[in-house]
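The structure appears below as structure tokens.
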Amino acid sequence: MNTQNNCNMHEALMSYLYEESTPDEKLRVETHLTDCGACKQEIHAFERVRGMLQQWQLDDMPVLRVSTEQTGNRSILAVLKELISVTPIWAKALSAVAMAMLVLAVLGTDVSVGRGGVTFHADLLRRNRVAEQSVVGRPENPTSNERASVEQIRAEMKSLVNQLVADRESEQKEQIKAELASLQLQLQNVHSADLAKVISRIQEQQTRLKTIERDIDRREGLDLTDILFSEVSKPAERSTAGGD
Amino acid sequence: MELSDTQIIERTLGGEPDAFNMLVRRWERQIYGLTLRMLGRDEEAKDATQETFLSAYRNLPKFRGEAKFSSWIYRIALNICNTKLRSRSKFAVSLDEQRELTGFELAADLEDLGSEIQREQITRHVRRALQGLPFEMRQVIIMKEYEGLKFSEIAEVLGIPLSTVKTRMYTGLSELRKRLEHLREAM
């Protein structure tokens, strides 16, 4: 039996292995395999390799979707939508402000901030503004006027601020005074209450002292018999009084 | 009645771009399987699959219908895989590959292991053995073994003679036999 594979049967063996041989070819290979040990061994080895290859199977299929929209000629609107969807919020806000300014500029809008507050004046294509300017006319020396106006506003603002500060100071002074007066009153009340207590205690002590002095005086004026009699007579008086 | 690939292409080219999604759904599994086995890396295979269909959609007007759509899209996928493999750094090794290269050895006694673990280990060996094959052999084996293409269809996809396909197949299987011989007992 031939054990060296130098039969030049490679292509036929492949067709046989994968069952793509024609009937004639299949017969030829099978006849050869009965005689050639190397080819037979090789075919068996290839079958084992195929068995191992088949162990690698895909368990899951990932979700794959190809969007055809991405490849065609996309509209500007679609591109803008995608751009907006991926733009961070701060960039969106900034873009919105820029867009608003652009629109206002195109509309010929004047935005002014003055003593009357914030004022908007929209004038498409600036026609009315030109008319107004032609009627009113521009001042010959706008810079000096503006400066004077600014100075005037500054002075007014200054006096206003000073007035406000002065008012505030006086208010604070009044408040402090009122608080002081209140505190003094509370203190006086506390003092007078304490004083009254002390006076009443002193008076009480004086009363007790006088009582003690009277007792002492009376006892100094009596002798022992008087005391005894007075003690004896007291029950008799009590019984007499009780008999009444 | 299900539309043929050619009919779907006609519809797509006739102004129904969404019809192309039918082709995507029909072929995405095969293309993903091909790219995964060619590249050996999941994320790269997903990207290659997406790129394959996008490229097919862009070039759909160039599809003449002489070959089958499947042959055409397989060829696109293989070209994309080839480009990706060429652009890969020699030193860039995926985590899976690192794990396989450093810590992977077959267990001494595979009979003690569960069949699932055994299958997984064989799969890793097969994967590594396939990745070690030259591109020309690998693509033939993958198309034959996993995509089930006939030799004549592989020849059509690659634009090479049938005999060359069979020779590459034979050489590739011989190489795999050498690399996987030690798994024989496990099988």
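The values are calculated or read from the model by the stated rules, or taken from the named source; none is laboratory data. Bear in mind the structure is a predicted one, so any value in this text is a computation, not a measurement. Positions of Cβ are backbone-derived with ideal geometry, glycine not excepted, and every protein chain shown enters the neighbour counts.
Only one entry of A:Asn128, A:Asn145 meets the criterion of being over 30 Å from B:Pro17 (Cα atoms), modelled with pLDDT under 65 and surrounded by 10 or more Cβ atoms within 10 Å (Cβ to Cβ), and that entry is A:Asn128. For the range B:158-187, a tally of residues being assigned to a loop (DSSP other than H, G, I, E, B) and at the interface with chain A (Cβ under 8 Å from one of its Cβ atoms) returns 2.
If you check B:Lys90, B:Lys68 for being over 25 Å from B:Lys150 (Cβ atoms), more than 14 Å from chain A (Cβ to nearest Cβ) and at pLDDT below 90, only one passes: B:Lys90.
Restricted to the range B:37-46, and to residues there that are within 10 Å of chain A (Cβ to nearest Cβ) and closer than 20 Å to B:Trp72 by Cβ, the residue that is nearest to the chain's Cα centre (by Cα) is B:Arg37.
Kindly indicate which of B:Ala155, B:Ala107 is farther than 16 Å from B:Gly40 by Cβ, modelled with pLDDT under 80 and out of contact with any strand residue (DSSP E or B) (no Cβ under 6 Å at 6 or more places or on another chain).
Numbers: B:Ala155 fails: modelled with pLDDT under 80.
Matching residue, one of B:Ala155, B:Ala107: B:Ala107.
For the range A:41-62, the set of residues classified as of a type in the set (D, E, K, R), within 20 Å of B:Gln118 (Cα to Cα) and modelled with pLDDT of 85 or more consists of A:Glu47, A:Arg48, A:Arg50, listed by residue number. Looking across the range B:133-157 at every residue that is over 13 Å from the mean Cα position of the chain (by Cα) and under 20 Å from B:Ile76 (Cβ atoms), the one that is farthest from the other protein chains (Cβ to nearest Cβ) is identified as B:Glu156.
If you check B:Arg58, B:Arg75, B:Arg64, which single one turns out to be surrounded by fewer than 20 Cβ atoms within 10 Å (Cβ to Cβ) and farther than 20 Å from B:Ile160 by Cα? Don't jump to the end; show me each part of the working.
Values: B:Arg75 fails: farther than 20 Å from B:Ile160 by Cα; B:Arg64 fails: farther than 20 Å from B:Ile160 by Cα.
Only one candidate passes the filter, namely B:Arg58.
Of B:Thr52, B:Thr83, all but one fail to be modelled with pLDDT of 75 or more, within 14 Å of chain A (Cβ to nearest Cβ) and part of a helix (DSSP H, G or I); the exception is B:Thr52. In the set (1) among the aliphatic types (A, V, I, L, M); (2) crowded, with 19+ Cβ neighbours inside 10 Å; (3) touching a Ser or Thr at 6+ places or on another chain (Cβ under 9 Å), B:Leu180 fails one condition alone, (3).
The residues of the range B:122-170 that are touching a residue at least 60 places away in the same chain (Cβ under 8 Å), surrounded by fewer than 22 Cβ atoms within 10 Å (Cβ to Cβ) and polar (S, T, N, Q) amount to a single one, B:Gln131.
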